[in-house]
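The values are calculated or read from the model by the stated rules, or taken from the named source; none is laboratory data. On a predicted model such as this, the values are computed, not experimentally measured, just so you know. Note that each Cβ is placed from the backbone with ideal geometry, even for glycine, and that neighbours are counted across all protein chains shown. Quick note on the areas: whole protein, heavy atoms, side chains included, nothing else; ligands and nucleic acids left out. Shrake-Rupley method; radii C 1.70, N 1.55, O 1.52, S 1.80 Å.
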Amino acid sequence: MIFDTHAHYDDEQFDVDRENLLREIFSAGIGNIVNVGANMVTSRQSIALAKAYPEIYAAVGVHPSDIDCLNEEAYKELREMAAQEKVVAIGEIGLDYYWDKEPEVQAAQREAFKRQLALAREVKLPIIVHSRDAAKDTMDILAAEEPVENPGIIHCYSYSVEQAREYVKMGYYIGVGGVVTFKNAKALKQVVEEIPLERIVIETDCPYLTPEPNRGKRNASLYLPYVVEKIAEIKGLTDAEVEDITFANAKKVYGL
């Protein structure tokens, strides 16, 4: 059985067939999904999905590119949402310097990241970290801040093996999705080879980052067997072994 640790089934790309698709997914060997918020609206929608489907859990948080919505009222609501029964993480939070290159915007992202880290510590939930083109600042903040008891996941990991090792030492899990199947994903394949499978979790980030051979199509948890197969190939294991270990990892990181 497979655990999709990071999905966005609230996305409008699923409006046409969400219910039928999710029914198909849960009949096809996907045991659980964490639907991850990116702003206040999608955090609420993630909770609604978790309430509607026994197999779905929710994460609530504000993506670095959406931090304009954060104010004291929003932080209060995030705290209230985090207390709900099926909310298992604060995320996705972090830094994204790919889209936002202005120094003052990046500074605001760092502040929002630290504030949401503090919230995670307060509510005792793991975090789901989004980091793009911000390797040093992400590591510096996570290393400097008082750690969350059960740290969480570095989502859609895209940095070096050396940094992955440091995150593992800090207690984080490495999120691996469709990118590992891409021909040009040499760095991520090396990370998968070097990092213990006991510190890897599987994710889609759907509707984005669809694995080969379906790259270019809308992503969904149905395609995760391609990710499992590639990890198994790299690790010299069976698909079943990868499924079992990563499923157990996901349950552990989310406290399920």
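List of remarks:
- Shape parameters for region 153-256, alpha-carbon atoms, Rg then Dmax in Å: 12.6, 36
- Overall, the ratio between the Cα radius of gyration of region 24-64 and 2.2 N^0.38 Å, rounded to two decimals, is 1.21.
- Averaged per residue, the chain has 45 square angstrom of accessible surface, using a 1.4 angstrom probe with ligands and nucleic acids left out.
- With R₀ fixed at 25 Å, the C-beta to C-beta distance from V41 to E122 puts the FRET efficiency at about 0.65.
- Here K124 is the anchor, and the aspartates and glutamates within straight C-alpha reach of less than 17 Å, apart from those fewer than 8 places off in the same chain, are E77, E80, E85, E92, E145, E146, E149.
- For the residue pairs K51/K86; K136/K251; K86/K217, the C-alpha atoms sit more than 18 angstrom apart in K136/K251; K86/K217.
- Length released on extending from R18 to A135, taking residue separation times 0.36 nm less the Cα-Cα span: 38.7 nm
- At the listed q of 0.10, 0.11, 0.20, 0.22 Å⁻¹, the Debye profile of region 1-135, built from one uniform point per Cα, gives log10 I(q)/I(0) equal to -0.33, -0.39, -1.11, -1.26.
- Peptides 51-58, 36-43, 226-233 ordered by average Cβ neighbours within 10 Å, highest first: 36-43, 226-233, 51-58
- Grouping the Cα pair distances of the chain into 10 Å bins from zero gives a pair-distance distribution of 8, 34, 39, 19, 2 percent in increasing distance order.
- If you wrap region 151-192 in the convex hull of its Cα atoms and look at it from every side, the mean projected area works out to 2.6 nm².
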